[in-house]
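What follows is a single structure, written as structure tokens, with notes after it.
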Amino acid sequence: MSPPSAMEVSAVSDTSGVIIPNPLSAPVQSNEVNGRRRKTNISQWGVAAPCDTANFRLKSHDHKPKAKRWNHVMTQEATIRKGNSLKEAAKFLGRPGIISLGGGLPSSEYFPFEELSIKVPKIGHFSEAETREFGVVITAGKHDLAENKSNFDIATAFNYGQGSGSAQLLRFMTEHTEMVHDPPYQDWKCTMTVGSTSATDMILRMFMRPGDMILSEEYTFSAFVETARPMGVRVCGVPIDAEGLLPEEMDKILTTWDHVARGARKPHFLYTVPTGQNPTGATQSAERRRALYKVCQKHDIYIMEDEPYYFLQMQPYTGPNAPDVPPPSSHVEFIKSLVPSYLSMDTEGRVIRFDSFSKVIAPGSRVGWITAPEEVVERYSKHADVSTQNPAGMSQLILFKLLDEHWGHAGYLDWLIHIRMEYTKRRDIILSACAKYLPTEVMSWKPPMAGMFHWMNVDFRKHPDYPGKSIEMIEESIFMRVIDHGALVMRGSWFYADAEEEHDTLFFRATYAAAPGEKIDEGIRRLGEAVREEFGLGEYIKR
């Protein structure tokens, strides 16, 4: 079923700012958003122009409290970093009549690109087949800004930029964040990242010292652990259930923290993937998030909210062969259906939220953003200026043309509803295959409600060689047997937060994100065949 059709979008120039209604009580119309954008000076769109996301917010936040300070948990590296002095000078480039002989900006005359054209889905016609037939070709010229055709062009995007990213795309990100999350404190800002993995590396360097420990789910994103480890930062795994992190367990760990026994001072950071967690697929409910936030307040814990799967929250799972649950009927209903983010309940400014286009547009764009208190954003941007710099201008221009000029906020929400329904179909296919092929005598699972991953428990105690063989040996044996049967699933032990701790669980992770439906079904059939063989359960009997 197609998502709700988008509202009519027309090009509206920047106007004076007025108060925008709460997006949950009014349509998220692109022309309405454009009409409420603050009037901006054209110099803000220029090459390497500095920008401030406070200028892009659609309503006043002055009535809200300010964020608590972070300086007491910042590393010396973060506090003494001065940024890039040459980029600081870029703020003068927009001064009328100035002749620049200062910055080392190449002339766009020598960029061998005159025009960039891409074919993208028409709003409401999002499938590959529809895009081939009905797709819209959108074009960016080299000098569109100077010719008053667009706020962003090749001459600007393909040159050097600020660590915060371009004002053109950052404005869209800021508006999107405000509409979906509406942070309940005053001085929040956004700044671009080169994807969340890069952002994790930079945030860890800003706030963690060698020898520190950071809290996370006991099974967590392996790249996070692998990023932290060379910095001398260890991960303390917090027990989980089907909803993810357990607040009472985290409270117990922190209340009874023994820095001598642990070999580290008490943690001051939590890293979590609250929605469609990688690898477990768990999604924390609103009640769970509020309870965990209270624990963080009690122990003064800062939260890294890594949310690449936030908009891959799916329709309720109603069982095999059950009728599909209709998609949200409006943008308002869609936004209301999303589990509230930590950012949306953060009254103290203790959350750094990571957003990304990797899972909803394309991983190769390498464009994301963080939302955090002004103090953190300022330090992060200075770090980016002397390391990653800004995300690729080519990616920023493509995303701007698609999201801001073509789809607008309404069309982007339609797209998110579309992929929600598509991932729901894939999730249902893998669950149906599991019910059909996997030996429930030794395997169990919970339906994922978001994300890309299906987490399957294996009762290793029923293995014929247990306890003669350890959990790790049984896991290795199953893994290789599945390979021999022509399928690949990820070993749960690869996602341990702390591999040195003892573990008494055995899991495998499958993804339903990439393979077509028939391949998902066949892959699970092969997995079931391999596990039956490993446990000596006999051949599969069609149910």
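The values are calculated or read from the model by the stated rules, or taken from the named source; none is laboratory data. Model, not experiment: these values are computed from the prediction. Cβ placement follows ideal geometry from the backbone for every residue including glycine, while neighbour counts extend to all protein chains displayed. Keep in mind that these areas ignore ligands, DNA and RNA; they rest on the heavy atoms of the full protein, side chains included. Shrake-Rupley method; radii C 1.70, N 1.55, O 1.52, S 1.80 Å.
Of note:
- Selection within the stretch 63-111: residues that are open to solvent by less than 90 Å² (accessible area, probe 1.4 Å) and β-branched (Val, Ile, Thr). The member of this set that is modelled with the highest pLDDT is VAL73.
- Test: residue in the stretch 292-304 that is out of contact with any strand residue (DSSP E or B) (no Cβ under 8 Å at 6 or more places or on another chain) and either open to solvent by less than 20 Å² (accessible area, probe 1.4 Å) or part of a loop (DSSP other than H, G, I, E, B) (or both): yes
- Of the listed requirements (1) closer than 28 Å to MET314 by Cβ; (2) touching a residue at least 24 places away in the same chain (Cβ under 8 Å); (3) hydrophobic (A, V, I, L, M, F, W, C), ILE301 misses just one: (1).
- Subset of the stretch 330-349 (residues that are open to solvent by 20 Å² or more (accessible area, probe 1.4 Å), touching a residue at least 60 places away in the same chain (Cβ under 8 Å) and farther than 29 Å from LYS252 by Cβ): SER330, VAL332, LYS336
- Hits in the stretch 180-204 (condition: open to solvent by 20 Å² or more (accessible area, probe 1.4 Å) and more than 13 Å from ILE370 (Cβ to Cβ)): VAL180, ASP182, PRO184, GLN186, ASP187
- The stretch 144-155 residues that are surrounded by fewer than 18 Cβ atoms within 10 Å (Cβ to Cβ), paired with ones that are at pLDDT 90 or above and of a type outside the set (Asp, Glu) (beta carbon under 9 Å, 6 or more apart): ALA146/ALA155; GLU147/GLY141; LYS149/GLY141; LYS149/HIS143
- Within the stretch 405-424, considering residues that are open to solvent by 20 Å² or more (accessible area, probe 1.4 Å) and in contact with a Phe, Trp or Tyr (Cβ under 9 Å, 6 or more places away or on another chain), the one nearest to PRO328 (Cα to Cα): HIS418
- One residue alone among VAL273, VAL260, VAL235 is of a type outside the set (S, T, N, Q), touching a residue at least 40 places away in the same chain (Cβ under 8 Å) and surrounded by fewer than 24 Cβ atoms within 10 Å (Cβ to Cβ), and that residue is VAL235.
- Selection status of ALA282, in contact with a strand residue (DSSP E or B) (Cβ under 7 Å, 6 or more places away or on another chain) and buried (at least 24 other Cβ atoms within 10 Å of the Cβ): yes
- Single match in VAL377, VAL360, VAL339 (criterion: among the aliphatic types (A, V, I, L, M), at pLDDT 90 or above and in a helix (DSSP H, G or I)): VAL377
- Residue check, THR511 among the polar types (S, T, N, Q) and under 16 Å from ALA433 (Cα atoms): yes
- All positions within the stretch 342-357 that are assigned to a helix (DSSP H, G or I) and out of contact with any strand residue (DSSP E or B) (no Cβ under 6 Å at 6 or more places or on another chain): SER344, MET345
- Complete set of residues in the stretch 156-179 that are open to solvent by less than 10 Å² (accessible area, probe 1.4 Å), polar (S, T, N, Q) and in contact with a Ser or Thr (Cβ under 7 Å, 6 or more places away or on another chain): THR174, THR177
- If the condition is being out of contact with any Lys or Arg (no Cβ under 8 Å at 6 or more places or on another chain) and touching a residue at least 60 places away in the same chain (Cβ under 8 Å), then the stretch 436-473 contributes LEU438, MET443, LYS446, MET449, ALA450, GLY451, VAL458, LYS462, PRO464.
- Checking ARG132 against (1) at pLDDT 90 or above; (2) surrounded by 12 or more Cβ atoms within 10 Å (Cβ to Cβ), the condition it does not meet: (2)
- Checked against the criterion of being farther than 28 Å from PHE158 by Cβ and open to solvent by 40 Å² or more (accessible area, probe 1.4 Å), the stretch 358-374 has at least one qualifying residue.
- Where a residue in the stretch 313-329 is part of a loop (DSSP other than H, G, I, E, B) and its partner, wherever it lies, is aromatic (Phe, Trp, Tyr), with Cβ under 6 Å and at least six apart: MET314/TYR423; PRO328/PHE334
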